[in-house]
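Undergrad: My questions will all concern the structure given below.
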Amino acid sequence: MKLQTWVYPWDIHAGGVDRVLGEIRDLGLTGIELTSNYHPIATLAARGEGRRVLYTEHGGVFFPARAERYGRIKPEIWPEDEIVRVWPLVSERSVKLGLRLNAWSIGQFQPWMTRQVPECAKVLPTGDRVPATTCPCNADVQEFFCAMAADLGSQFPVDLIELEGIGFHKFQYGWVRPRILIDIAPWTEWLLGLCFCESCKERARHAGLDPDGLQVRVCAEIERCFDAESDVDPAGPLEEMRSEWLARDSALAGYLQCRENAVVDLVRGMADAVSKVSRARLGVWAPVEVDGSEGVKLERVLDKVGAVIVWHPEARREEAARIRQLTGAATPRVELTHFQACGWPHGPTSPGFKAELEAAIANDVDQISFYNYGLMRRWQLKEMVALTRSLTA
């Protein structure tokens, strides 16, 4: 079984490329998932010499992307060249140390992209533009991610390009200090998460749908929440309401199919772009993303991906087993990766940490990836790896 760790290039730079990679190897890890692009974040590094905090309001690209290979959206490369240079240094030295290198790539939560091309942003049913996230239906967004995947694959000996948040995000994803002071039921929140940007609506029109009429009906349902005379959102349970609407409003079913198709098209397009320049394959989250948003429809991309990432297999045993069955039957076989983030904030002593590991191991995962090298105390990752090894001995 492969054991790897997610890691930021700025933490590798702070600790020194040779020292960090040597420590990772000496811990018994087999490789790293290195950030290629990232969303807005403020991180506190518990290890390293020097920088303890990295703060970015808009996100950015952290490898030496080649702008001439991209379309309308150009990669906004991080301004500190010494951090961007981590990628070629790690690429060279990881091979010498026998460490596997995967690219950790972020999808739609990229505000710097909406600053370049405003119309690629998500648009709520109310018509409000949300610049925190892009829409996977947008042609410029699709072109950018295909170019980025090919750029990574052609420059570096990566095994996997692991895609986080490549689909449609939930309503509040990416908001900064949200102010929502009324009760919003899951059904209303789900409706608010639907995107009605021009790219989404054009795809729907091409499928013979009337997205403008659907948008009016969705807004009217949302207004039912806003106009409620009590303190409680009057909407019924999410699954009940969604089933009822799908049964009576064929446009909603068609619109959801268009959304699914857009994400599938994006993933397949990225896989095709990479295959032309590299042996690297894609890794995807399924059936839900790390933030709980719906991921790519796994059955429609298994022939194009090399790995599926699953979180919380202990709490979602049936789902994890189904994914294991699907990936194991795929040709070529698709790896199953366990995203191990149950260590917050106490490492191997955290409640549920061992149970998560045991559930992942029982599901015959191919890889366990620990989140996150730079954010943990030095002893924590060592103990987490030791416990994992003891369970797989």
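Undergrad: Using 7 Å Cα-to-Cβ label points, what is the residue 275/residue 239 separation (nm, one decimal)?
TA: 3.6 nm
Undergrad: Report ³J(HN,Hα) in whole Hz for each residue of region 315-326, in order, from the Karplus equation J = 6.51 cos²θ - 1.76 cosθ + 1.60 where θ = phi - 60°; Gly and Pro get x.
TA: 7, 10, 4, 5, 5, 4, 5, 5, 5, 4, 5, 5
Undergrad: Moving on to the next point. Below 8 Å between Cα atoms, with a sequence gap of 6+, how large is the relative contact order for the chain in percent?
TA: This gives 18 percent for the chain.
Undergrad: Let me ask you something else. Subtract the Cα-Cα distance of residue 198 and residue 53 from 0.36 nm times their separation in residues, and report this length gain in nm to one decimal.
TA: Gain on stretching residue 198 to residue 53: 48.4 nm.
Undergrad: What pairs from 170/201; 354/382; 170/297; 170/276; 74/96; 2/122 go past 26 Å between their alpha carbons?
TA: Cα-Cα > 26 Å for 170/276; 74/96; 2/122; rest within.
Undergrad: Once phi is turned into θ = phi - 60°, what whole-Hz ³J(HN,Hα) does the Karplus curve with 6.51, -1.76 and 1.60 give for every residue of region 289-299, x standing for Gly and Pro?
TA: Coupling constants for region 289-299: 7, 4, 8, x, 5, 5, x, 6, 5, 4, 4 Hz.
Undergrad: Another one. Quick one: of the DSSP bridges fully inside region 240-358, what percent are antiparallel, nearest 5? Please list the in-between numbers first.
TA: Numbers: 1 of 9 bridges.
So the antiparallel bridges amount to about 10 percent of the total.
Undergrad: Of the residues 297, 276, 201, which exhibits the maximal mean-square fluctuation in a Gaussian network model of the chain defined by a 10 Å Cα contact cut-off?
TA: 276
Undergrad: Once R0 is set to 45 Å, what does the formula 1/(1 + (r/R0)^6) return for the Cβ-Cβ distance between residue 354 and residue 18, expressed as a FRET efficiency to the nearest 0.05?
TA: Details: r = 33 Å, r/R0 = 0.73.
Once rounded, the FRET efficiency stands at 0.85.
Undergrad: Just subtract the alpha-carbon distance of residue 224 and residue 391 from 0.36 nm times their residue separation and send over the number in nm, one decimal.
TA: Numbers: separation 167, 0.36 × 167 = 60.12 nm, distance 5.23 nm.
Here the segment from residue 224 to residue 391 would lengthen by 54.9 nm.
Undergrad: Here's a follow-up. Could you report region 120-180's accessible area per residue, 1.4 Å probe, as an integer in Å²?
TA: Details: 2050 Å² over 61 residues.
That works out to 34 Å² for each residue.
Undergrad: Treating the beta-carbon of each Lys and Arg as +1 and of each Asp and Glu as -1, no other charges, what is the dipole magnitude of the chain about its Cα centre, to the nearest 20 debye?
TA: Working: 45 positive and 54 negative charges, 284 e Å.
Rounded to the nearest 20 debye, it is 1360 debye.
Undergrad: So if each residue of separation counts as 0.36 nm, and I subtract the Cα-Cα distance between residue 46 and residue 378, what length gain in nm does that give?
TA: So the chain would gain 118.8 nm between residue 46 and residue 378.
Undergrad: Using a 10 angstrom cutoff on alpha carbons, build the Gaussian network for the chain and name the most mobile of 356, 164, 68.
TA: Sorting by GNM fluctuation, first place goes to 68.
Undergrad: Could I ask something else about it? Share of region 292-387's accessible area from carbon and sulfur, percent, 1.4 Å? Spell out each step's value before the answer.
TA: Values: 2200 of 4150 Å².
Ligands and nucleic acids excluded, carbon and sulfur give 53 percent.
Undergrad: So, one more: For residue 93 and residue 256, FRET efficiency with R0 = 41 Å and r from the beta-carbon atoms, rounded to 0.05?
TA: Efficiency for this residue pair is about 0.35.
Undergrad: What is the helix-to-structure angle for 250-275, meaning the angle in degrees between its Cα long axis and the longest Cα principal axis of the chain, kept from 0 to 90 and rounded to the nearest 10?
TA: Helix 250-275 sits roughly 30 degrees off the main axis of the chain.
Undergrad: Go through region 205-219 residue by residue and turn each phi into a ³J(HN,Hα) via Karplus (6.51, -1.76, 1.60, θ = phi - 60°); whole Hz please, and just put x for glycine and proline.
TA: My calculation for region 205-219 gives 4, 4, 8, x, 9, 10, x, 5, x, 4, 4, 4, 5, 5, 4 Hz in order.
Undergrad: In Å², what does the accessible area per residue of region 263-393 work out to with a 1.4 Å probe?
TA: For region 263-393, the solvent-accessible area averages 42 Å² per residue.
Undergrad: Taking the Cα centre of region 325-393 as the origin, how large is its charge dipole in debye, to the nearest 20, when only Lys and Arg (+1) and Asp and Glu (-1) carry charge on their Cβ atoms?
TA: Taking the Cα centre of region 325-393 as origin, the dipole is about 300 debye.
Undergrad: Suppose all protein chains stay in the model; what accessible area per residue would a 1.4 Å probe give for region 1-70, in Å²?
TA: Value returned for region 1-70: 36 Å² of accessible area per residue.
Undergrad: Still on this structure: If you take the square roots of the eigenvalues of the alpha-carbon gyration tensor of region 166-253 and sort them as a ≥ b ≥ c, do you get rounded (a/c under 1.5), prolate (a/b over b/c) or oblate?
TA: oblate
Undergrad: Also, I was wondering about something else. How far is the Cα center of region 16-79 from the Cα center of region 288-344, in Å?
TA: Result: 24 Å between the Cα centres.
Undergrad: Could you work out what % of the accessible surface of region 32-185 is carbon and sulfur, using a 1.4 angstrom probe and leaving DNA, RNA and ligands out of the count?
TA: For region 32-185, the apolar C and S fraction of the accessible surface comes to 53 percent.
Undergrad: Say we join alpha carbon atoms closer than 10 Å with springs in a Gaussian network model of the chain; which of 284, 218, 263 then has the biggest fluctuation?
TA: Residue with maximal mean-square fluctuation among 284, 218, 263: 218.
Undergrad: Charges on Cβ only, +1 for Lys and Arg, -1 for Asp and Glu, centred on the Cα centroid of the chain; of 346, 387, 258, which one is farthest towards the dipole's positive end?
TA: 387
Undergrad: Here is a follow-up. Return the distance in nm (one decimal) between the two label points of a simple spin-label model at residue 66 and residue 2, each offset 7 Å from Cα along Cα→Cβ.
TA: Going by the 7 Å Cα→Cβ label model, 2.5 nm.
Undergrad: Of the beta bridges DSSP finds with both residues in region 41-164, what % are antiparallel, to the nearest 5?
TA: Bridges in region 41-164 that DSSP calls antiparallel: roughly 60 percent.
The values are calculated or read from the model by the stated rules, or taken from the named source; none is laboratory data. Worth saying up front: this structure is predicted, and the values here are computed from it rather than measured. No Cβ is skipped: glycine too gets one built from the backbone with ideal geometry, and neighbour counts run over all protein chains shown. Accessible surface areas use protein heavy atoms only, side chains included; no ligands, DNA or RNA. Shrake-Rupley method; radii C 1.70, N 1.55, O 1.52, S 1.80 Å.
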